[in-house]
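Each remark here refers to the structure printed beneath this line.
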Amino acid sequence: MRSSNPVFSRRGFSRNNGYAGFDAQQQPPQAGNPYATNPYAGNPYGRQTQAPGQPYAPPAAPPSAGRMTIDDVVARTGMTLGLVIAMAAVAWITGLSLPLAIGAGLIAMVLSFVQVFKRKASPALILAYAAFEGLFLGALSNFVNQFVDGAAMQAVLGTLAVFTAVLVLYKTRVIRVTQRFYRFVMAAAIGFVLLMAVNMLFAVFGGGDGLGFRSGGLGILFGVIGVVLGALFLALDFKQVEDGIAYGAPKEEAWLAAFGLTLTLVWIYLEFLRLIAILQGD
C-alpha cells in the first residue's frame, strides 16, 4: 500500500526500486483474492499476503545489516522533529518578524519539493528543511499567540494527542489500511486541497477570506476536516513504514520516513493552530 505522502512514493518505498534485497516480482492473480487486481500488487510494500478478512501481518524480512529498523525511523524522526522544535524556539525567543518567517516557510517548501523529487534521501536537505520550517512555525505561532493566548501550546498538545491516538488505533488494528481506505483518503485530500486553492485565489483577487472556508462556521468545519485528514495520513504513513521494515527497505530510507512523518505532523499542527485561532479569536 502506498502512502498518500509523496515522500514515500520515491525510491526505496515504491515499485522497481532497484535494491536487490527487495522481492518486487509480480505475483499472478489468485482466485478469490479481492486484491488480485490491485494496481500496487507489484510493490513489495503493497502486496496483501494474508487471507481476506484476516488480521494484517506482513512477513518479516530476514535479518540483514543495512536494513531499516523501527529504531532507525524513531531516531531520525526524533532528529528531524527536534530540529524543527529547536528552530521554532529560536524564532519565538528572538521575535522573528512575520515577513522573514514567510520567507523561511517558502524556502522550506522549496526544499521539501526538491527532496520529494530526488531519487535518494538527503539527510542534509531534510535537516535544512526542518530548520527553515521550524523558523516559520515558531514565528507564526508567536504571532497567533499574541492574539489568542496559549494557542501554540494547545496546538502542540492537540498534535500529540492525534499522533498518540492514531498510533494506538493503528497498532490495535482498529484502523485497517486497505486499498479502499487509501482511495478514500486520496479522494478526500484532493478535494480538500482543490477547495483551499480556490478559496485562496478568491481571497487574492477578491480580498477578505475568499469563499469563507477559513473563517466562521465554515472555517471551523474545514479546520476539523484538515485535522482528520492529517490523522488519516498518519495511518497511511505508519503502514508504509511497517511494510518497509517488513520487506527490508535499506537503512537510509529511514530518513524518508522521518521526513514524511514530519510533513504530516506539521500539517496537523498548522490545522490545529488555525482552528484554535478561529474558535478563540475575535
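The values are calculated or read from the model by the stated rules, or taken from the named source; none is laboratory data. The model shown is predicted, which means the values in this text are computed figures rather than measured ones. Methodologically, a virtual Cβ is constructed for each residue, glycine included, from the backbone with ideal geometry; neighbour enumeration extends over all protein chains shown. For accessibility, only protein heavy atoms count, side chains too; no ligands or nucleic acids. Shrake-Rupley method; radii C 1.70, N 1.55, O 1.52, S 1.80 Å.
Could you tell me which numbered condition PHE147 fails, if it satisfies all but one of (1) surrounded by fewer than 16 Cβ atoms within 10 Å (Cβ to Cβ); (2) touching a helix residue (DSSP H, G or I) at 6+ places or on another chain (Cβ under 9 Å); (3) farther than 19 Å from ALA91 by Cα?
Checking PHE147 against (1) surrounded by fewer than 16 Cβ atoms within 10 Å (Cβ to Cβ); (2) touching a helix residue (DSSP H, G or I) at 6+ places or on another chain (Cβ under 9 Å); (3) farther than 19 Å from ALA91 by Cα, the one that fails is (3).
Looking at the range 235-263, which of its residues are surrounded by fewer than 24 Cβ atoms within 10 Å (Cβ to Cβ) and within 8 Å of the chain's Cα centre (by Cα)?
Within the range 235-263, THR262, LEU263 meet the criteria.
Return only the number of the condition from (1) under 23 Å from PHE259 (Cα atoms); (2) hydrophobic (A, V, I, L, M, F, W, C); (3) crowded, with 21+ Cβ neighbours inside 10 Å that VAL156 does not satisfy.
Unmet for VAL156, out of (1) under 23 Å from PHE259 (Cα atoms); (2) hydrophobic (A, V, I, L, M, F, W, C); (3) crowded, with 21+ Cβ neighbours inside 10 Å: (3).
Restricting attention to the range 70-127, which residues are among the aromatic types (Phe, Trp, Tyr) and under 26 Å from TYR247 (Cα atoms)?
PHE117
If you take the residues of the range 179-210 that are open to solvent by 90 Å² or more (accessible area, probe 1.4 Å) and at pLDDT 90 or above, which of them is farthest from GLY226 (Cα to Cα)?
Checked the range 179-210; the qualifying residue farthest from GLY226 (Cα to Cα) is ARG180.
Which ones in the range 104-134 are surrounded by 15 or more Cβ atoms within 10 Å (Cβ to Cβ) and over 19 Å from the mean Cα position of the chain (by Cα)?
Passing the criteria: only ALA104.
Just to be sure, is ALA165 out of contact with any Phe, Trp or Tyr (no Cβ under 8 Å at 6 or more places or on another chain), among the small types (Gly, Ala, Ser), modelled with pLDDT of 95 or more and surrounded by fewer than 16 Cβ atoms within 10 Å (Cβ to Cβ)?
yes
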